[in-house]
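Read-outs throughout are calculated quantities, based only on the coordinates presented, and are distinct from any laboratory measurement. Computed from a predicted model, the values in this text were never measured in an experiment. Please note: Cβ atoms are built from the backbone with ideal geometry, for glycine as well, and neighbour counts cover all protein chains shown.
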Amino acid sequence: MNLYALIQSRFPSDRSKPCLMLPDGRAVSYAMLEQGVGRAAAKLRADGVKPGDRVAAQVEKSVGTLMLYLATLQVGAIYAPLNTAYTDAELDYFIADLEPRLTIRDIRPFAGASHAFEPDFVITPREAGDTAAIIYTSGTTGRSKGAMLSHGNLASNAEALIQTWGYTADDVLLHALPIFHVHGLFISLHCALMTGSPMIWLAKFDDAEVIAQLPRATVMMGVPTFYTRLLANPDFTREAASHMRVFISGSAPLLEGTFAEFEARTGQRILERYGMSEAIIITSNPLEGDRVPGSVGLPLPGVELRIAGDEVGVIEIKGPSVFSGYWRNPEKTAEEFTPDGFFKTGDVGRRDADGRVWITGRAKDLIISGGYNVYPKEIELVLDALPGVTESAVIGVPHPDFGEGVVAVVIGAGVESALIAAAREKLAAFKTPKRVLFVDELPRNAMGKVQKNLLRERYRDMFKT
Ligand code: AMP
């Protein structure tokens, strides 16, 4: 069961249909994609890439990169995409860890050389449990680990998403995400390829370009930052979004304020889902039925989800999309699974009476102040609802008295003491931020996640006496 064989079996029987539509009006048909993948597979085989070998790719988003990904699957090798933002020094770590047969940092010479080959359509057979890709977790804390995802993990999740989101051959995906991360690479791409439908293929997110393309699209998948940037553009109107079937958000929490503003502007309720590199998508709000702001919805078909602890605790999961382990790291793998085989996500959450999942924080995010546990997310929700606050990030920094002191870093305007007083009306004293700092922006990684480790670093001496 090679994932590429499954993907290819879903290509439209009329291969002249478009697969990628580029903003300049050009299109790549499914026939062209298939030929290009075949040529890239021939080139990989000529380069000595064998089943199980790693192909490391730190390359820009391009048609050639998509072909390289699919060709790597086709020859039974393991695709390891790397964030284009990594420096040479960071790259050294990944290369040492992966020991790739091939490392590609510029797709053009590879694509150019592939052209000299006749397409090779032979697909190397794989077992469902064989690794198809290694994804380094974006790691807002700690050292990156490579999550091994199998052909079966990726195939089952794609099928579940197509079903959950009602994805069909009539859809047109607006693809503006990077393709070195599960969101742009698997979640988005597989929905389109496995329904044989076209994608509008943008090299990166640009709000004006996205608004220009929306009338041709039916589905967009994005990180919350995409939606806040669209809302900041006055050209993003109800009319501009009227052709869209659904806007999907994930990779970081969608603020309830963004959800509400988006609905007021466009009449559309953003569909929020929750996932991670180790399990692809875990839960999703429903397509039909209520999309509840602040909740990440219900477990996907086949996913068993439980909360460790009484009410609020670490979310644990089991199911067909859960990865098999961390690359060359059996100790870390063993630590992250329970004895009965559930993966500990590290996200803290709860379930309501309807079974909906609410994420309340990250286990590593937890602040312990004066011996009391403080979940930053709870404080952030209170602050975000206060006038003048656009967004907040709550961290713990060393405090001589309390061990850790609660600090809020806020995008917005206001007076520190007034904000603290307003928060205190809603929160116990031990949870109330001792300091509020106003900033113009919060540091974020490529997927829009706030990098709290950088904030903790920046403010670590704030309570030093
Ligand atoms: P990554 O492996 O880079 O995709 O990061 C996965 C993490 O992103 C999860 O463990 C969550 O902490 C976070 N995440 C993803 N989707 C959501 C969401 N809808 N709401 C809140 N956090 C999310």
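Kindly indicate whether any position in region 7-20 is over 24 Å from ASP170 (Cβ atoms) and out of contact with any Cys (no Cβ under 7 Å at 6 or more places or on another chain). The answer is no; no qualifying residue exists. Taking ASP365, is it touching a residue at least 12 places away in the same chain (Cβ under 8 Å) and either surrounded by 19 or more Cβ atoms within 10 Å (Cβ to Cβ) or basic (Lys, Arg) (or both)? Spelling it out, ASP365 is indeed touching a residue at least 12 places away in the same chain (Cβ under 8 Å) and either surrounded by 19 or more Cβ atoms within 10 Å (Cβ to Cβ) or basic (Lys, Arg) (or both).
Okay, residues lined up against (1) of a type outside the set (Ser, Thr, Tyr); (2) touching a residue at least 60 places away in the same chain (Cβ under 8 Å); (3) assigned to a strand (DSSP E or B); (4) away from the ligand (no atom under 16 Å from the Cβ):
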position: LEU91; (1), (2), (3), (4): yes, no, no, yes
position: GLY129; (1), (2), (3), (4): yes, yes, no, yes
position: ILE134; (1), (2), (3), (4): yes, yes, yes, no
position: ALA147; (1), (2), (3), (4): yes, yes, yes, no
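Filtered by the rule that a residue be part of a loop (DSSP other than H, G, I, E, B) and touching a residue at least 60 places away in the same chain (Cβ under 8 Å), region 93-115 gives a lone residue, HIS115. Of all the listed residues (ILE379, ILE307, ILE395), the sole one being within 15 Å of the ligand (Cβ to nearest atom), surrounded by 14 or more Cβ atoms within 10 Å (Cβ to Cβ), outside any loop (DSSP other than H, G, I, E, B) and in contact (Cβ under 8 Å) with a residue 24 or more places away in the chain is ILE307.
Let's see how each residue does on (1) closer than 24 Å to GLY257 by Cβ; (2) under 16 Å from the mean Cα position of the chain (by Cα); (3) touching a residue at least 40 places away in the same chain (Cβ under 8 Å):
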{"site": "GLY294", "(1), (2), (3)": "yes, no, yes"}
{"site": "PRO299", "(1), (2), (3)": "no, no, yes"}
{"site": "PHE323", "(1), (2), (3)": "no, yes, yes"}
{"site": "TYR326", "(1), (2), (3)": "no, no, yes"}
{"site": "ASN329", "(1), (2), (3)": "no, no, yes"}
{"site": "LYS332", "(1), (2), (3)": "no, no, yes"}
{"site": "ASP340", "(1), (2), (3)": "no, no, no"}
{"site": "GLY346", "(1), (2), (3)": "no, yes, no"}
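Are any of the residues in region 113-121 over 15 Å from the mean Cα position of the chain (by Cα) and buried (at least 19 other Cβ atoms within 10 Å of the Cβ)? Yes, some residue in region 113-121 is over 15 Å from the mean Cα position of the chain (by Cα) and buried (at least 19 other Cβ atoms within 10 Å of the Cβ).
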